[in-house]
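Where a number appears in this text, it was derived from the coordinates with a stated rule and is not lab data. All figures in this text were calculated on a predicted structure; none of them were measured in a lab. Glycine gets a Cβ as well: all are built from the backbone with ideal geometry, and neighbour counts include every protein chain shown.
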Amino acid sequence: MDAKQVNSNESAFNKIKKVVTGNPIVFLLLIAAIIVGCLKDNFFSWANFGNLVSNTAVRFLIALGVSGCLITKGTDLSAGRQVGFAAVVAGILCQRGDYTGRLWKWAPEMPIGVVLIIVIVLGLCWGLINGLIVTKLHVPPFIATLGTQTIIYGISLVISDAQPIGGFQKIYTSLINGRIGNVRGFHLPYLLFVAVIFGLLFWFIYNMTCHGKYMYAIGGNEVAAEVSGVNTTNTLVRIYATAGVMYALAGYLLAAKSGGASASMGQGYELEAIAGCTIGGVSTTGGIGTVPGILVGVLVFELLKIILQFLGVNPYYNYVVQGLVIVLAVSLDIRKYIAKK
Amino acid sequence: MSEYVLEMTDVCKSFPGVKALDHAQLRLRPGKVHALMGENGAGKSTLMKCMFGIYKMDEGQIKIDGQPVTIHDPMDALHKGIAMVHQELQPIPARTVGENIFLGRYPMKKFGPVSVVDHAKMYADTAELLKKVRMNFDPKQKVGELSVSQMQSVEIAKAVSANCRVLILDEPTSSLTANEVEALFRIIEDLTAENVAVVYISHKMDEILRISDEVTIMRDGKYIGTWDASELTTDKIITQMVGRELTNLYPPRNNVPGEVVFEVKDFTSINPRSFRHVNFTLRKGEILGVGGLVGAQRTELMEGLFGIRSHTSGQIFYKGKELTIDRPKAAIDQGVAMLTEDRRGSGIMGVLSVADNISISSLKKYLEHGIAINGKKVEQLVQDNVAKMNIKTPSSKTQIKSLSGGNQQKVLVGRWLANDPDVLILDEPTRGIDVGAKYEIYCIIEELAREGKSIIMISSEMSELIGMSDRIMVMCDGRVTGFIDGKDATQENIMALATQFE
């Protein structure tokens, strides 16, 4: 046997080994999915696939939003409440004109496109507020967004009167829950395309624009970035503002997807988004994180939920398992850096 | 019984790439003030940190009362009677004087089954100690409310409370006024009367000659000698401190300084202890060296010019036009660039690639249609710099933290050259870099000056200043104390200006 051949085989094996050991959580869950798939009939079904895709799509948008904050060593705890706020506003404005439980009876029935614009502008405002508190008032992002998330939740409660909101215009729910194709159950939800478009957009921003490079530079070493002439203030404000827009979009979609909205919608989504990013390799020490990684992280987290659901695990235990996965993922991530020291 | 209370012999200590201590030694007699002198980087602080157990020495021996001992950590040093007052005081400002002094060894009393801190005893003891160091402020006062000299007295009181036999004072007077220095000297006299051996580290010649009994001089981590203070003069000390030979470590310089292009007038910091009323000019194609001791505020001045630090008054002109610089971006946009001193802290972005690091301050140049960065242009920039400066990196995608210090520094120089600045400020450009890479960086500096760039180079290495500068500006304690022509510069006349305290 040729010695060279052996070597190249070995290095290929090593490469695979490296990928697997580098992403242990991802591979463990894939194995779990295959096992569950073999045990349960409906797991590998198109219906389940469509379900996974549309769930992942919305979470992915939120994770993209928060990823910029994480890469610059910040965080955004207001993500979930911003999603809830956007859902409430979108829900109220998209209620049918003839719906008896209409909250704002004085308002005319609005085209859903206009509602989308309003919601996004409001999201941008929340993001700007977060960004300005972090950069101008020098409040650490953790505390700044902890404060704003409480404010936002309060406002959501006020404007929704703490009531669930329903009676949406038909076009709102049907458009967003729409899908392409129905060949033996195979279909692609519209939400998938939204996720793909924004995934590509963020990939472009992160890799090809000055803003993206500045973001990674701030995460890598904020002082060095400032000294190199990066306007760190503007860059950070843009990051938080962009995040606000993404949460608003997610909230708008989520209200339609669920066919109803309430102030408590989106609760805890910030933690899921942060967990997804971390599992996907966004480093908690800053400067590292890719869009494909974030996608994988979110997908894996949603996969975990579906696996638990199919196994018939008591839903209350879901939280326990999800929490364990988060701690495990981050501790494995940190280990990579400790080992290198 | 040994005549020395503490002896350190043949102490060696290496850091990656640097031999900080090379068979250093120090012998302390009880009841005497022993001055430890040397240039910046001569190894004084490293030697003290070995004695105090902060660093572990590679070789060498420490004897206390003639008995060999091993000092594991600062707590162990305290138990063995060695106390140290650091150059940078590290008190806990929000706690009281008493709590700071007894931190980590609070007096306890039994309160039934639990032990609690005995506050009454702690404050009584503190009052006693403060009396000993001739200070009369309230033991319950918050340390943050004290002046710098009072904080220092607290530190000394802390050392005294440990019943120390050796007290190390590292540049204790660097932030004191003349009256406060007198007060400190009285405390030192009290301590020596009680047979404490005091190690006194300072650059101030007059103080050394006045207070010390013996003087040990170090140079490049080596022991040069110990003298009785009465035998020494300022000139003698300086000669011993800097007396190394200049070898051919520098490239020949062919740059020709042209007309004055850059001018700084009456530049003053917002911090009264920092740089003040600084005036200087810089010519096209000139290398202006900036010399001075640690604490001369050279870095602060340059960071002020570059917009990292604030100033209250002063103007900066380039070719007669006044520049307004309030943050680094403004400086860069107006043709001023600065390679900062702390490569890890404010230079490299460790986890990012060589390409990202080199292009970060000139990204706008590589934009296509104003939006997307053209990766090929960035790659070209990397390759040009790799070729020009002989940067050793596996690829442009390698994380910069995995390169050697010298190569990291070259990448950072490349970052600034990509902007084509008119004025380039280099703060300790060769610190922590091996000799070969140093020479390459000198060549780059010389070449830049030849191309007509104006260069300001801060350096704490005398020979580097003399070897590389057309002119040397010397600072002391925030003021410019003089300019020396590169040809006339000697280590002695630089040191004389650098120690010209008010």
statement: Using alpha-carbon positions, the gyration tensor of the stretch B:8-131 gives root eigenvalues a ≥ b ≥ c; with a/c under 1.5 called rounded, otherwise prolate if a/b exceeds b/c, else oblate, the class is prolate
task: Starting at the first residue of the stretch A:267-282, write each ³J(HN,Hα) from the Karplus equation 6.51 cos²θ - 1.76 cosθ + 1.60 with θ = phi - 60°, in whole Hz, x for Gly and Pro.
output: 4, x, 5, 4, 6, 4, 5, 5, 4, x, 4, 5, 4, x, x, 6
- prompt: Quick one: what Rg and Dmax do you get for the stretch B:175-316 from the alpha carbons, in Å?
  reply: 20.5, 62
- prompt: Relative to the longest principal axis of chain B, what angle (0 to 90°, nearest 10) does the C-alpha long axis of helix B:405-417 take?
  reply: 50
- prompt: Across the residues of A:284-294, average count of Cβ atoms on other protein chains within 10 Å?
  reply: 1
query: Is there a simple number for the mean count of other chain Cβ atoms within 10 Å of the Cβ of residues in A:198-208, and what is it?
result: 1
Amide H contacts under 5 Å for residue B:291, placed H, 5+ residues apart: B:473, B:474, B:475
- line: Computed ³J(HN,Hα) along the stretch A:157-162: with the Karplus parameters 6.51/-1.76/1.60, θ = phi - 60°, integer Hz and x for glycine or proline, the list is 4, 4, 6, 8, 6, 6
query: Can you give the Kirkwood hydrodynamic radius of the stretch A:73-149 from its Cα pairs, in Å with one decimal?
result: 13.9
- line: hull vol. (C-alpha, convex hull) per residue for the stretch A:200-341, Å³ -> 138
query: Given q = 0.11 Å⁻¹, what are the Debye log10 I(q)/I(0) values for the protein assembly as shown, with equal point scatterers placed on the Cα positions and solvent ignored?
result: -1.28
query: Within 10 Å of each Cβ of B:361-372, how many other protein chain Cβ atoms are there on average?
result: 3
query: Hey, what number do you get for chain A at 222 nm if only DSSP H runs of n ≥ 4 count, each worth -39500 (n - 2.57), divided across all residues, to the nearest 500?
result: -24500 deg cm²/dmol
statement: Computed on Cα atoms only, the convex hull of chain B has an orientation-averaged projected area in nm² of 27.9
field: Value of Rg to Rh for the stretch B:197-276 (Rh from inverse mean 1/r over Cα pairs, i.e. Kirkwood)
entry: 1.15
message: Just to confirm the number: angle between the C-alpha axis of helix B:375-389 and the first principal axis of chain B, 0 to 90 degrees, nearest 10?
response: 70
task: Grab every C-alpha pair in the stretch B:369-473, bin the distances at 5 angstrom width from 0 up to the longest one, and report whole percents.
output: 2, 11, 21, 23, 18, 12, 7, 3, 2, 0
message: Take residue B:128 and residue B:463, extend 7 Å from each Cα along the Cα→Cβ direction, and tell me the distance between the two endpoints in nm.
response: 5.4
message: As a quick test, which of the pairs B:132/B:158; A:213/B:329; A:17/A:213 have an alpha carbon distance above 19 angstrom in this structure?
response: A:17/A:213
- prompt: So which GluC sites (Glu not before Pro) in the stretch A:241-341 pass both tests, a DSSP loop state and at most 12 other Cβ atoms within 10 Å of the Cβ?
  reply: none
message: Longer than 20 Å from Cα to Cα, which of B:204/B:236; B:32/B:222; B:56/B:222 are they? Say none if no pair is.
response: B:32/B:222
task: Averaging over all projection directions, find the projected area of the Cα convex hull of chain A and quote it in nm² with one decimal place.
output: 22.1
message: Which order do the peptides B:349-358, B:252-261 come out in when sorted by mean C-beta neighbours inside 10 angstrom, highest first?
response: B:349-358, B:252-261
message: Charges at C-beta only: +1 for Lys and Arg, -1 for Asp and Glu. How large is the resulting dipole of chain B about its Cα centre, in Debye rounded to 20?
response: 1340
- request: With the cut-off at 15 Å, report for the stretch A:114-161 the share of all Cα pairs above it, as a whole percent.
  value: 53
- line: Around residue A:48 (Cβ within 15 Å, Cβ-to-Cβ, excluding residue A:48; K/R +1, D/E -1) the net charge comes to +2
query: Expressed as an acute angle from 0 to 90° and rounded to the nearest 10, what is the orientation of the C-alpha long axis of helix B:119-132 relative to the principal long axis of chain B?
result: 80
query: So what is the calculated 222 nm ellipticity per residue for chain B, using -39500 (n - 2.57) for each DSSP H run with n of 4 or more, over all residues, to the nearest 500 deg cm²/dmol?
result: -9500 deg cm²/dmol
- prompt: Using alpha carbon centroids, what distance separates the stretch B:76-121 and the stretch B:318-334, in Å?
  reply: 50
Burial order of peptide ranges B:371-380, B:330-339, B:164-173 (average beta-carbon count within 10 Å, highest first): B:164-173, B:330-339, B:371-380
query: What size of dipole, in debye to the nearest 20, comes out for the protein assembly as shown about its Cα centre when the only charges are +1 on Lys and Arg C-beta atoms and -1 on Asp and Glu C-beta atoms?
result: 3160
message: Using the Cα centre of the protein assembly as shown as origin and beta-carbon charges of +1 (Lys, Arg) and -1 (Asp, Glu), tell me which of B:400, B:173, B:367 is placed farthest towards the positive end of the dipole.
response: B:367
5 angstrom amide H check on residue B:425, placed H, neighbours 5+ away: B:337, B:338, B:339, B:456
- prompt: In which sequence would B:368, A:226 go, from the one with the fewest C-beta neighbours within 10 Å to the one with the most?
  reply: B:368, A:226
- prompt: Taking the radius of gyration and the Kirkwood hydrodynamic radius from Cα positions alone, what is the Rg/Rh ratio for the stretch B:454-499, to two decimal places?
  reply: 0.91
